[in-house]
Amino acid sequence: MHDLGAFRANIDAIASRLATRGLVLPVEQFKELDVRRRAAITEAEQLRAAQNAQSREVAQLRKAGTDTTALQQASRVMGDRVTELGKSVEEVDAAFREMLAGIPNVPHESVPVGKTEHDNVVIRTFGTPPVFDFEPKAHWDLGPELGILDFDRAAKVTGARFAVYWGLGAKLERALINFMLDTHTREHGYTEVLPPFVVNSASLYGTGQLPKFAEDLFKLEKSDYWLIPTAEVPVTNLFRDETLEADKLPISLCAYTPCFRSEAGSYGRDVRGIIRQHQFQKVEMVKFVSPDQSYDQLERLTDDAEDILRRLGLPFRTIVLCTGDMGFSAAKTYDIEVWLPGQNGYKEISSCSNFEAFQARRANIRYKGGKKAELVHTLNGSGLAVGRTWVAIVENYQQKDGSVVIPEVLRPYLNAERITASAALK
């Protein structure tokens, strides 16, 4: 959410910057509302001044014994008009806020201008995609052949875009969750939290999913409850309507949760395998920081996500998203993309964003170090998307005999060095 006063005062500059996101801001509509608001405020102020002057005149006339009935009636009429104008200002402000709720964040000045993902900029790479002396398989073939991934039974139990993991496949998913949480809490300075997996509408509004992206969410019937699309929502809202102590910042939290997305606008994309599912697991990192720290903390958060991939030995690249490809609430975003041999390309595995005060204003999250409380800056990023990490391991570490070598850092979690068909449930 944008600051209402700042938005009014800088509407042309904001409109120009938002245009780089492909958004045509209805500037004239905003200005017309502002003219109505200013006119109502001016008239109300003039009427109050007239009322005050009339009150003084009434007092003097009453001392002189003069009848003031007509003047008092005129004063009441002015009072009624002032009340009416106040309601008009409130209605205009409400209309402003309703419009602002659907306007995305302003891109940071360091974000490259562009229209699509083709205008994103690669800023660093790690590792080299493996070269196989055989034709590598995609996980949707390799997983079922090993007996660790089952789409048919998932479709029977639920429907499309769900999966069942068997044996070491299920254990690999659990191992990744534990490995990510252990690394972030023991070495990166995060505090683990286990939040609810169901949230109310106020929480989704606070992080920017509502009202704009309701169709991408799962809502529980006959309630104000929604399944979470990401742990960002409940974890960010832990401090909704609270004022934090400045000396406690930055606050760094991480959480494992399942995530649920209807993918309403994504049908036809990544329909095979488990790249884009209605239900998936994720470890999320969330930070609450002071404004002067937020961009340094964005670099740290991104490095924390990258560190998981470095430890797993998975090739990846990090890109900065252009203005036209950023998410609704973000001021700047780095996407980390892991190499997937089965798709012969890179696929996003983490999106690390600085929202500046955009979410904090919607959720009313402040910090106080002096006399006045100010809005915090919020950041988050996947640390990582567990299912896509699972895919990356299975595809990058596959062997000619059809087995999959387990990365060394995960072996203590699985008590195994390799996944073979003989180890899977038949």
Exercise. Here is a list of conditions, (1) within 21 Å of V283 (Cβ to Cβ); (2) within 15 Å of the chain's Cα centre (by Cα); (3) without any contact (Cβ under 8 Å) to a residue 60 or more places away in the chain, and L210 meets all of them except one; can you say which number that is?
Worked result: (1)
For this session: Can you work out which of the residues in segment 304-335 that are of a type in the set (F, W, Y) and under 17 Å from the mean Cα position of the chain (by Cα) is farthest from T20 (Cα to Cα)?
Result: Y334
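Restricting to segment 121-137, give me the number of residues that are without any contact (Cβ under 8 Å) to a residue 12 or more places away in the chain and either in contact with a Gly (Cβ under 8 Å, 6 or more places away or on another chain) or not hydrophobic (A, V, I, L, M, F, W, C) (or both).
First pass over segment 121-137, keeping only residues without any contact (Cβ under 8 Å) to a residue 12 or more places away in the chain: 131, 135.
Add one more test, that the residue is either in contact with a Gly (Cβ under 8 Å, 6 or more places away or on another chain) or not hydrophobic (A, V, I, L, M, F, W, C) (or both), and what stays is 135.
Number of matching residues: 1.
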Problem set entry | Positions within segment 141-159 being buried (at least 17 other Cβ atoms within 10 Å of the Cβ) and either hydrophobic (A, V, I, L, M, F, W, C) or within 15 Å of H278 (Cα to Cα) (or both), in sequence order | L142, L146, I148, L149, F151, A154
Problem set entry | helices (runs of 4 or more DSSP H) (entirely within segment 312-426) containing at least 3 residues that are within 25 Å of S290 (Cα to Cα) | 358-363
Problem set entry | Members of segment 154-169 found to be among the aliphatic types (A, V, I, L, M) and within 28 Å of the chain's Cα centre (by Cα), listed by number | A160, A163, V164
Problem set entry | Pairs, first more than 14 Å from R97 (Cα to Cα) in segment 24-36, second not hydrophobic (A, V, I, L, M, F, W, C), C-beta under 7 Å, six or more apart | V27/D12
Seminar exercise, completed: Selection from segment 106-163 of residues more than 30 Å from F7 (Cβ to Cβ) and of a type in the set (K, R) yields R124, K137, R153, K156, R161
For this session: Report yes if R76 is modelled with pLDDT under 80, open to solvent by 40 Å² or more (accessible area, probe 1.4 Å) and either out of contact with any Asp or Glu (no Cβ under 7 Å at 6 or more places or on another chain) or under 23 Å from T207 (Cα atoms) (or both), otherwise no.
Result: no
For this session: Pull up segment 96-135, narrow it to residues that are open to solvent by less than 30 Å² (accessible area, probe 1.4 Å) and among the small types (G, A, S), then point me to the one that is modelled with the lowest pLDDT.
Result: A101
For this session: Go through the residues of segment 286-299 one by one and say whether even a single one is within 19 Å of P229 (Cβ to Cβ), touching a helix residue (DSSP H, G or I) at 6+ places or on another chain (Cβ under 7 Å), of a type outside the set (D, E, K, R) and in contact (Cβ under 8 Å) with a residue 24 or more places away in the chain.
Result: yes
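The values are calculated or read from the model by the stated rules, or taken from the named source; none is laboratory data. A quick note: this is a predicted structure, and the numbers were derived from the prediction, not measured. All Cβ positions, glycine included, derive from the backbone under ideal geometry; neighbour counts span all protein chains shown. In case anyone asks, the SASA skips ligands and DNA or RNA and just uses the protein heavy atoms, side chains included. Shrake-Rupley method; radii C 1.70, N 1.55, O 1.52, S 1.80 Å.
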